[in-house]
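Here's the structure, in structure tokens; my notes come after.
The values are calculated or read from the model by the stated rules, or taken from the named source; none is laboratory data. All of these numbers come straight from a predicted model, not from anything done at the bench. Glycine gets a Cβ as well: all are built from the backbone with ideal geometry, and neighbour counts include every protein chain shown.
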Amino acid sequence: MSTIELPENEAFRAEAREWLTAQLEGPFTHVRYRGGPGEEDEVFEERVDWEKAMGAAGWTGISWPKKYGGRAATLDQQVIFYQEYARAGGPGRVGHIGEGLVAPTILAFGTEEQKQRFLPGIKNGTELWCQGYSEPAAGSDLANVQTRARREGNEWIIDGQKVWTSLAHKAGWCFVIAKTEPDAPRYRNLSFLLVEMDQPGVTIKPIIQLTGTSEFNEVFFDGAKTPAENVVGAPGQGWKVAMGLLAFERGASTLGQQIGFENEFKEILAAAKDNGIAKDPVMRQKLAQAWIELQLVRLNAVTNLEEGETRPGLAAVNKICWATWHRDAGELAMEIMGADAEICAGAPYALTRFQSRFLFSRSDTIYGGTNEIQRNIIAEQALGLPREPRP
Ligand SMILES: Cc1cc2nc3c(=O)[nH]c(=O)nc-3n(C[C@H](O)[C@H](O)[C@H](O)COP(=O)(O)OP(=O)(O)OC[C@H]3O[C@@H](n4cnc5c(N)ncnc54)[C@H](O)[C@@H]3O)c2cc1C
């Protein structure tokens, strides 16, 4: 018997299933299976309400310590919750950047005051977050950020530009990596700041994506302000905190999404059976291969959570595996649709679910660190190969 089937875990599963089924077949039927990758605009406000309902019932931040409103859920229980979430058709989470990225970072590096101030809003779904890392000349080379922050009295004053900032147009808060110690060496010159978005010094410009929607944005800081205490870790320690957050981003934060891939696979399989292409021997092979790889993706995700801290490179393997699987699944769905895949469902640019997923999933191997960067990490940290030349 695997530990996931222990009686206490079965009780947890029953509780999660009961709540999710009651909600998603009751008051929240309209958000079921909505808002996944490529559908980020769908029923957005309704999904914010869903976030609040989950928070009120204790189903957000389940891995957090009880002291901060969590359930201290074990890894088995987190897997169970996401399995049940996928089974019930839970919608794409609008609070994932807060819950999955900044909350664990504040828990690990933040002050008690920061935990008390910021965790409740994330848990209750009342404060959404965005990630202010990338800049026009700082993506893979993140340490090259040019956004600057200077201390004036009890405030940080921020100037600079971020780009590709997902959900900036919806978020109340942003975590910003900024250069605060201009004379310090690379990696010791940055700070991790928590910045309110709704203020005169912040301008948000949406970027239209391949899917025709605007999930991400350019964000301009022109004298934006944040209180001095809104720095996570000490000034100058921003790189360490930023890397800690990336470890969360490449670890537990995508577990739910990966478990949800099962639903996407089922849709692809059903489409192949529906249009008869599943009888084609080559397509049968491809579908079987995709299913095998999906099992490996899930195995990898759990192994990474269990052993990632002690096995360098595992998080990078996990990121490559799930991102590549999802991108390839998008292509497989297009192949199954044949010529129909190339026709819009309506004017001017109405995409089918498979089309928008296919287009959006091109980004999976880019955001959170590209496949090439993950391979560099594996080469250097797991295999001990010579470091590539750095600027
Ligand atoms: C959908 C989406 C959402 C995003 N959301 C956010 C967000 O919310 N917040 C945020 O801060 N950022 C976000 N990003 C940005 C993302 O993190 C960056 O796009 C990513 O880190 C790559 O940086 P870049 O785009 O500047 O590409 P570059 O770093 O310029 O890379 C260009 C190409 O060169 C390759 N390359 C670069 N350096 C190396 C190297 N040393 N070795 C080998 N190959 C290399 C890369 O792999 C890539 O193929 C998002 C991106 C996407 C696509």
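Computed quantities for the displayed model
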{"item": "Residue ID - nearest to Leu210 (Cα to Cα), chosen from residues in the stretch 368-385 that are in a loop (DSSP other than H, G, I, E, B) and modelled with pLDDT of 95 or more", "result": "Thr370"}
{"item": "For Thr352: the one exception among (1) among the polar types (S, T, N, Q); (2) within 16 Å of the ligand (Cβ to nearest atom); (3) within 20 Å of Asn275 (Cβ to Cβ)", "result": "(2)"}
{"item": "Selection from the stretch 1-15 of residues that are more than 25 Å from the chain's Cα centre (by Cα) and either assigned to a helix (DSSP H, G or I) or surrounded by 18 or more Cβ atoms within 10 Å (Cβ to Cβ) (or both)", "result": "Thr3, Glu5, Pro7, Glu8, Asn9, Glu10, Ala11, Ala14, Glu15"}
{"item": "Any chance Glu309 is away from the ligand (no atom under 16 Å from the Cβ) and assigned to a loop (DSSP other than H, G, I, E, B)", "result": "yes"}
{"item": "Top-ranked residue of the stretch 122-142 - restricted to ones that are more than 18 Å from the chain's Cα centre (by Cα) and among the acidic types (Asp, Glu), ranked as nearest to the ligand (Cβ to nearest atom)", "result": "Asp141"}
{"item": "Residue within the stretch 143-165 that is within 14 Å of the ligand (Cβ to nearest atom), of a type in the set (Ser, Thr, Tyr), surrounded by 23 or more Cβ atoms within 10 Å (Cβ to Cβ) and within 21 Å of Ala247 (Cβ to Cβ) present", "result": "yes"}
{"item": "Pair list, Cβ under 8 Å, 6 or more apart: the stretch 145-167 residue closer than 30 Å to Ser214 by Cβ and free of Cβ contacts under 8 Å to residues at least 40 places away in the same chain, other residue in a strand (DSSP E or B) and more than 13 Å from the ligand (Cβ to nearest atom)", "result": "Gln146/Lys179; Arg148/Ile158; Arg148/Asp159; Arg148/Lys179"}
{"item": "Residue among Glu99, Glu84 that is within 21 Å of the chain's Cα centre (by Cα), within 16 Å of the ligand (Cβ to nearest atom) and farther than 15 Å from Phe192 by Cβ", "result": "Glu99"}
{"item": "All positions within the stretch 102-121 that are in contact (Cβ under 8 Å) with a residue 40 or more places away in the chain, away from the ligand (no atom under 16 Å from the Cβ) and part of a helix (DSSP H, G or I)", "result": "Pro104, Ile106, Leu107, Ala108, Phe109, Glu113, Gln114, Lys115, Phe118, Leu119, Pro120, Gly121"}
{"item": "Among (1) within 16 Å of the ligand (Cβ to nearest atom); (2) under 30 Å from Val31 (Cα atoms); (3) of a type outside the set (Ser, Thr, Tyr); (4) part of a loop (DSSP other than H, G, I, E, B) - the single one Gly89 does not satisfy", "result": "(1)"}
{"item": "Counted residues, the stretch 16-48 - those being in a helix (DSSP H, G or I) and either within 20 Å of Gln78 (Cα to Cα) or without any contact (Cβ under 8 Å) to a residue 12 or more places away in the chain (or both)", "result": "11"}
{"item": "Of all residues making up the stretch 355-391, the number that are in contact (Cβ under 8 Å) with a residue 12 or more places away in the chain, more than 24 Å from Leu332 (Cβ to Cβ) and more than 8 Å from the ligand (Cβ to nearest atom)", "result": "6"}
{"item": "Scan of the stretch 26-71 for residues that are acidic (Asp, Glu) and modelled with pLDDT under 95, ordered by number", "result": "Glu39, Glu40, Asp41, Glu42"}
